[in-house]
Amino acid sequence: MAFIAAPNIVQVEWRYLMDGQKCENRINIDNFSPPGVSDLNSLAVAAWNWWETVYSVFISDTVTLASVVTTDMGLQNGSQVTYAPDTTTKGQVLGTVLPNETSFCISLHTDSRGRSARGRWFVAGIVDAYRNGPNTVNAANAESWRSALQNYINTTIEGARATVIVSRFSNGAPRAGGPVYFPIAAAAVTDLILDSQRRRKPGFGA
């Protein structure tokens, strides 16, 4: 697929290992101006620190954060920063963990309608004690993940940037005027059903 530039956008990737399998979560940030290397570095550090101090409290110790990568999406060969201060930042929840592919979806809502204006964050490293029956999680644990992600969204806004959904296509074709950015208003739990992310199974790809 041809590269479609998204001016002022920084893609933030949390790259982590779960039982040795390479996995990631990503989110886009509107910098409101072309990002320099200093912007990429500060966003990478902030993302790492959020994971370490806020998010890791609610995920299994089988998950180890390997790096945070920030990329300028405004240029095909835009700048990129990789931040990896240590190899010991793990989740903090002990106990039996569900299989790698077992996940939980947190919806990223904007003030606009349609699938182009929605996003998802898939939680990894879910311990068995968080389940409520075979196919659902406890509401309190789901709220912990949601509130942790909302904390990141709020902190980004306070830093004079915005987490956004970047929509490059409409009706199956590239948008004529270029990508549209939908600011993320809230992280939301729409149900308590466990999900499956098959590519997170060992040996199924990065």
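Computed from the coordinates by the stated procedures, all read-outs in this text should not be read as laboratory data. Here the structure is a predicted model, which is why all the values come from computation and not from measurement. Methodologically, a virtual Cβ is constructed for each residue, glycine included, from the backbone with ideal geometry; neighbour enumeration extends over all protein chains shown.
What span do the alpha-carbon atoms of the chain cover on each of the three principal axes, reported in whole Å from largest to smallest?
48, 38, 35
Using a Gaussian network model of the chain with C-alpha springs under 10 Å, which one of D86, D191, D39 is most mobile by mean-square fluctuation?
D86
Pick from P99, P35, P134 the residue whose mean-square fluctuation is largest in a GNM of the chain, springs joining Cα atoms under 10 Å.
Looking only at P99, P35, P134, the largest GNM fluctuation is found for P134.
Helix 139-158 against the longest principal axis of the chain: what's the angle in degrees, Cα atoms only, rounded to the nearest 10?
The two axes meet at around 30 degrees.
Roughly what angle does helix 37-50 make with the longest principal axis of the chain, taking Cα atoms, 0 to 90 degrees, to the nearest 10?
Between the helix axis and the principal axis of the chain, the angle is about 20 degrees.
Note down the magnitude of the dipole of the chain about its Cα centre, charges +1 on Lys and Arg C-beta and -1 on Asp and Glu C-beta and zero elsewhere, to the nearest 20 debye.
In debye, rounded to 20, the chain gives about 640.
Starting from the Cα of R120, step 7 Å along the direction of its Cβ; do the same at T155; then give the gap between the two resulting points in nm.
Output for this residue pair reads 2.5 nm.
Relative contact order (percent) for the chain, with alpha-carbon contacts under 8 angstrom and 6 or more residues of separation?
25
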